[in-house]
Amino acid sequence: MTRRRPKNILLVTGMSGAGKSTVLRTLEDMGWEIADNLPVTLLNRLLETAPSESLEEDDDRPLAFGIGSQTRGFDAESIVRRIAKLREERGYDIGTLFLDCAGSELERRYSETRRRHPLAQDRPAADGIARERELLTPLRSWSNRLIDTTDLSSNGLAQLIRDTFGGHGLGETTLSVLSFGYSRGLPRGADLVFDMRFLRNPHWDEALRPGTGLDADVSAYVMADPAYNDAMAQIESLLLLLIPRYQAEGKAYVTIAFGCTGGRHRSVHVAERVAARLRSAGFSPTVAHRDLKTAPQDSLEGVPVTI
């Protein structure tokens, strides 16, 4: 008796310290079958192993297996060829998730945990990180999913995995709407970014400056801009066109980001409005305001423009 083929198979790989263990543990908690540091030569055997007597014959849980630079016989190019062969010759739908992270953050994590990098047992962690990044280049290029964990906590990464891979198989497209301030940098991982700095700025009204885009008077000020109605209509029309296309392509996670200078007024209002429009169209976006609690500062806002 042969094992029923899993509907979804995911290879989890990436930089040591970037969160592979967190991802696999989270997937396991979600009901996935997990195999970590499995030699790739045994992958065929794993997929064809008959189920144990304790398993139902129709057990087709999603399968995730972790591979890293410390896996026995690791060779990134060989792994890519083997996965491609399994896809082409055996028909397995194998996705690849690559976990990346900035070198400086990886160094901090190794220093904090007092662990040695697996590729630099007697050298600085930076040497091992650089060597590993080079070894993993073929897998990073091959992967069809990439998560940068530089700014993610373990809990944040786990929540992202639950949102992305929740439910059956790879789950439905998860929509996130985010506001941010350009003064604090672009958000990592945003799929669509809209710059709302063309709208008139409530920061320059002393009565409105302490407020945020969640306040009715601030929203009214932004909405009174002559370009507001036409711009919002076109942005919302574009999103209603693109989101179903992303879903049809199987994209599991879509983040739509709206930015203004400080991230407290215009972008916050627009993010809330767009999220409400998407909900009315049958979508279920989550909303986050990255820089809502930052302090207003005139020097960041530039020179006020009279319209």
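Residues of the stretch 184-203 that are open to solvent by 60 Å² or more (accessible area, probe 1.4 Å) and either of a type in the set (A, V, I, L, M, F, W, C) or closer than 20 Å to ASP225 by Cβ (or both): LEU186, VAL193, ASP195, ARG197, PHE198, ARG200.
Tell me which of these SER176 doesn't satisfy, since it passes every other one: (1) in contact (Cβ under 8 Å) with a residue 60 or more places away in the chain; (2) farther than 30 Å from ARG61 by Cα. Going through (1) in contact (Cβ under 8 Å) with a residue 60 or more places away in the chain; (2) farther than 30 Å from ARG61 by Cα one by one, SER176 breaks only (2). Could you please find all residues in the stretch 179-234 being free of Cβ contacts under 8 Å to residues at least 60 places away in the same chain, within 17 Å of ALA257 (Cβ to Cβ) and among the aromatic types (Phe, Trp, Tyr)? Within the stretch 179-234, PHE198 is the sole residue that qualifies. Whenever a residue of the stretch 258-276 is among the polar types (S, T, N, Q), its partners that are part of a helix (DSSP H, G or I) and open to solvent by less than 10 Å² (accessible area, probe 1.4 Å), lying with C-beta atoms within less than 9 angstrom and at least six residues away or across chains, give the pairs THR261/HIS203; THR261/SER267.
Tell me yes or no: at least one residue of the stretch 171-178 is within 26 Å of SER104 (Cβ to Cβ), under 19 Å from the mean Cα position of the chain (by Cα) and either open to solvent by 50 Å² or more (accessible area, probe 1.4 Å) or not hydroxyl-bearing (Ser, Thr, Tyr) (or both). Checking the stretch 171-178: at least one residue is within 26 Å of SER104 (Cβ to Cβ), under 19 Å from the mean Cα position of the chain (by Cα) and either open to solvent by 50 Å² or more (accessible area, probe 1.4 Å) or not hydroxyl-bearing (Ser, Thr, Tyr) (or both). In this structure, ARG45 qualifies as open to solvent by 90 Å² or more (accessible area, probe 1.4 Å), modelled with pLDDT under 80 and not in a loop (DSSP other than H, G, I, E, B).
Return the total of residues in the stretch 110-131 being in contact with a helix residue (DSSP H, G or I) (Cβ under 9 Å, 6 or more places away or on another chain) and not hydrophobic (A, V, I, L, M, F, W, C). Spell out the reasoning first.
Start the filter on the stretch 110-131 by keeping residues that are in contact with a helix residue (DSSP H, G or I) (Cβ under 9 Å, 6 or more places away or on another chain), which leaves 110-111, 115-121, 124-126, 128-130.
Subset that is not hydrophobic (A, V, I, L, M, F, W, C): 110-111, 115-118, 121, 124, 128.
Residues in the stretch 110-131 being in contact with a helix residue (DSSP H, G or I) (Cβ under 9 Å, 6 or more places away or on another chain) and not hydrophobic (A, V, I, L, M, F, W, C): 9 in total.
Taking the conditions (1) of a type in the set (Gly, Ala, Ser); (2) at pLDDT below 85; (3) closer than 25 Å to THR164 by Cβ in turn, ALA102 satisfies each one other than (2). Just checking, how many residues over the stretch 241-260 are open to solvent by less than 20 Å² (accessible area, probe 1.4 Å) and of a type in the set (S, T, N, Q)? Here the count works out to 1.
The values are calculated or read from the model by the stated rules, or taken from the named source; none is laboratory data. Because the structure is predicted, anything quoted here is derived from the model rather than measured. Positions of Cβ are backbone-derived with ideal geometry, glycine not excepted, and every protein chain shown enters the neighbour counts. The protein model used for the area step is the full one, side chains on, heavy atoms only, and it has no ligands, DNA or RNA in it. Shrake-Rupley method; radii C 1.70, N 1.55, O 1.52, S 1.80 Å.
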